[in-house]
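Contents: one structure, followed by commentary.
Just so it is clear, none of the values below were taken in a lab; they were calculated from the coordinates. Here the structure is a predicted model, which is why all the values come from computation and not from measurement. Because the Cβ atoms are built from the backbone with ideal geometry, glycine has one as well, and the counts that use them run over all protein chains shown.
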Amino acid sequence: MKIRLNKYRIKDGKTKRVDEWMELLNHNMDDVLLILKNENLHIETMFREKSEEGEYLYWYAVQGEGNIDVNLTEDEISKKNKIIKKHMEFWEECIDQEHHTTPITTDVVMVPENIRKSMI
């Protein structure tokens, strides 16, 4: 099981567009979950921080090891590809890729064994 937390700076003046981005993801959750299924992601959560230093998005993800065989219908593949395209357009517009943050490392993982087994 791979667990990660990443921090990304939001470009100045993009708060409203990030609101729209989060709304897109929330209102299209069935399509978003197709992406997670396809990438063996069990959990992906996005948090937003607003401070004097700027605005940031944090991505938290729990991913199973290795690849899995996922049989998506043509319709599911189309929906997945459309939401990925929109998601990446927002990413390019809103995330400051020039700003590098300190890496966030995982020190302790507390997951009961019965849940851990289902996430491998």
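Below are the figures for this structure:
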quantity	calculated
Förster-model FRET efficiency, 22 Å R0, Glu49 and Leu24, C-beta, rounded to 0.05	0.65
Amide H contacts of Ile95 (H built 1.01 Å from N, under 5 Å, at least 5 apart or other chain)	Lys11
Sorted largest first, extent of the chain alpha carbons per principal axis (Å)	42, 39, 22
The stretch 53-101 shape via C-alpha gyration tensor axes, a/c threshold 1.5	oblate
Estimated FRET transfer efficiency (Trp91, Ile115; beta-carbon r; R0 41 Å; 0.05)	0.85
Amide H partners (placed H, <5 Å) of His42, local residues excluded	Val62, Gln63, Gly64
Top positive-direction residue, dipole computed over the stretch 2-118 with Cβ charges, set Met110, Ala61, His42	Met110
Exposed GluC sites (Glu not before Pro) absent - longest run of the chain, DSSP non-H/G/I/E/B, at most 13 other C-beta within 10 Å	1-51
Net charge contributed by nearby residues that have their C-beta within less than 15 Å of Leu57 (K/R +1, D/E -1)	-2
Simple Cβ-charge dipole of the chain, Lys/Arg +1 and Asp/Glu -1, about Cα centre, in debye nearest 20	160 debye
